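The next block holds one structure in the form of structure tokens; read it before the comments.
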Amino acid sequence: MSEWTRKDLLGLEELSTEEIELILSTAASFKEISTRAVKKVPTLRGKTIVLFFFEPSTRTRSSFEIAAKRLSADTLNITTSSSAIQKGETLKDTFKNIEAMQVDCIILRHSSSGIGHTLSKCVTPSIINAGDGCHEHPTQGLLDMFTIKEKKGSLNNVKVSIIGDITHSRVARSNIWGLKKLGAQVTVCGPRTLLPRDIDKLGVKVTTSLPEALKSADVINVLRIQRERQEAGLFPSLREYAIRFGVTREKLERFARKDVLVMHPGPLNRGIEITPDVADGSYSLILDQVTNGIAVRMAVLYLTLQANADGEEE
Ligand code: CP
């Protein structure tokens, strides 16, 4: 088993297969803690974790905060509206000030792709990417993989179809990097205007046919359609998108395997990319994903903070 030596978790593109497997196996050992009457262990007692969210979030922010608290770390939330960035302070200056308060880890969500890589070079606390622009959302990719592995036993040769706005999706990118490294076969499906031109170079199959993407899949991962893309003219109307690419029970019964599993990172646009009977029905793993997010984020916090602490002692 590989050891974790990285200060940060910025994306799945740069991780080895062994590092991803280490996170998933560590998460499996942490999952049981959340089922105890007292859901807390002292593993990260004395550590301080800052949650810096410059974009809205329900799942990721609360999941990281719960994960940190279950490991007994202290947490602090900072949002755009409550920070001195409103007064013109740069993000680098903000991070240097947070660093001066001897925090151990900064969890960052920001609209700029790659911002974590830049800031990581400027400060010593671990930086964990909680979603950067259209680039990566590594813990979402990891919890999706954990959820598939839990149901299928392995990711090797599992067929996963990712459906929706692939071009603008950090979830799609993290899933593709991670799933491919663990041996899954990935298909991406969406309107031509929402599929990146060279996406096949990542080793995925590409289709604009939803029936084709459904037919081959053990698992389908449905992405949120971002309404702002409609204003940019990238697809004609939400109604037309729902007709062509919306995942409905009728389409699953007609085209998909009987035991197909359906995932969605949330938030859902019910009735557009997914119908309520699918989201809430027997195919759905959507709330399993949310539950597993806690264990995965506990694992990521534990591994990155241990690696950073080991470095300090040397
Ligand atoms: N899946 C996800 O990132 O959800 P939030 O935007 O609510 O964090």
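What translational diffusion coefficient, in µm²/s and rounded to a whole number, does the Stokes-Einstein relation yield for the range 138-289 at 37 °C and a viscosity of 0.692 mPa s, taking the hydrodynamic radius as the Kirkwood radius over Cα pairs? D = 218 µm²/s.
Modelled spin-label separation between residue 205 and residue 83, with each label point placed 7 Å from Cα along the Cα-to-Cβ direction: 4.2 nm. Computed over the chain, the alpha-carbon pair-distance distribution with 20 angstrom bins reads 33, 56, 10, each value a whole percent. In plain terms, the chain from residue 157 to residue 55 could stretch by 33.2 nm, reckoned as 0.36 nm per residue minus the Cα-Cα distance. At the listed q of 0.20 Å⁻¹, the Debye profile of the range 63-146, built from one uniform point per Cα, gives log10 I(q)/I(0) equal to -1.06.
Axis of helix 170-181 versus longest Cα principal axis of the chain: the two differ by about 90°, to the nearest ten degrees. Does the range 11-82 classify as rounded, prolate or oblate by the C-alpha gyration tensor (a ≥ b ≥ c root eigenvalues; a/c under 1.5 gives rounded; else a/b over b/c gives prolate, otherwise oblate)? In terms of gyration-tensor shape, oblate.
Summary of the geometry: the range 147-188 and the range 48-70, compared by the centres of their Cα atoms, lie 24 Å apart. Along the axis of the charge dipole computed for the range 138-289 (Cβ charges of +1 for Lys and Arg, -1 for Asp and Glu, origin at the Cα centre), the listed residues 193, 204, 234 are led at the positive end by 204.
Restricting to the chain, what percent of DSSP beta bridges are antiparallel, rounded to 5? Intermediate values should be presented prior to the final figure.
On the way: 1 of 36 bridges.
Expressed as a percentage, antiparallel bridges in the chain total about 5.
P(r) tail for the range 19-158: Cα pairs beyond 17 Å make up 65% of the total.
Which percent of Cα pairs goes in each bin when the distances of the range 97-224 are cut into 10 angstrom slices starting at zero? The percentages, shortest bin first, are 13, 39, 29, 14, 5, 0.
Note down the relative contact order for the range 138-289 as a percent, whole number, built from C-alpha pairs under 8 angstrom at least six residues apart.
On the way: 280 pairs, mean separation 35.6, N = 152.
Relative CO of the range 138-289 lands at 23 percent.
Listed here are the pairs 180/215; 47/180; 7/40; 121/152; 39/258; 121/159; which of them are more than 27 Å apart at the Cα? Violating the 27 Å Cα-Cα cut-off are 47/180; 121/152; 39/258; 121/159.
For residue 195, the amide hydrogen comes within under 5 Å of the amide hydrogens of 167, counting only partners 5 or more places away or on other chains and with H modelled in the peptide plane.
Values quoted throughout were computed directly from the atomic coordinates according to the rules given, and no laboratory measurement underlies them. The shown structure was predicted, so the numbers you read here are calculated from the model rather than taken from an experiment. Don't worry about glycine lacking a Cβ; one is built from the backbone with ideal geometry, like all the others, and counts go over all protein chains shown.
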